[in-house]
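Participant: Got a structure for you, questions after.
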Amino acid sequence: MGDIAYLRTLWVERSDWTAAAIRELIQQDFGGLYSPDQGVRILRKRLKMHLSKPFPPDYRRPHDAERRLREDLKQAFDALGAQGCRQQDRALGFLDESRPREAGPYCAGMEL
């Protein structure tokens, strides 16, 4: 059971595990040799991981995208507050570029 707990701590550190990577890790750290099917079983049954197709990173994404999003959201919500919108009435919607429309901060019951 201690080995599985150790694998779980590694799982948190990295989000792109594959069955082959788990097999290699087990072989290096624990000396076991497993087939590809056994690697998948360990991922699914013992570590409760789900199989999925990797999502390729977008080369256009800025390196500080999450920080910029947080700042933009704070600015939008602060602007609503400055216009008298109560915090519980604030909402923000996101639209993709395939169907352009006006979007932005929204306050329930207020015309902005």
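Participant: Specify the residue that is modelled with the highest pLDDT; the eligible residues are those in region 2-32 that are more than 23 Å from F55 (Cβ to Cβ) and of a type in the set (F, W, Y).
Facilitator: Y6
Participant: Give just the number: which of (1) more than 17 Å from K53 (Cβ to Cβ); (2) exposed (fewer than 11 other Cβ atoms within 10 Å of the Cβ); (3) within 22 Å of the chain's Cα centre (by Cα) does S35 not satisfy?
Facilitator: Checking S35 against (1) more than 17 Å from K53 (Cβ to Cβ); (2) exposed (fewer than 11 other Cβ atoms within 10 Å of the Cβ); (3) within 22 Å of the chain's Cα centre (by Cα), the one that fails is (3).
Participant: Do the conditions hold for R44, that is, is it over 18 Å from D3 (Cα atoms) and of a type in the set (D, E, K, R)?
Facilitator: Against the criterion (over 18 Å from D3 (Cα atoms) and of a type in the set (D, E, K, R)), R44 does not qualify.
Participant: Next question. Mind counting the residues in region 33-75 that are of a type in the set (K, R) and part of a loop (DSSP other than H, G, I, E, B)?
Facilitator: 4
The values are calculated or read from the model by the stated rules, or taken from the named source; none is laboratory data. Quick caveat, the model's predicted, so the values are computed rather than measured. In this analysis, Cβ positions are derived from the backbone assuming ideal geometry, glycine residues included, and neighbour counts consider all displayed protein chains.
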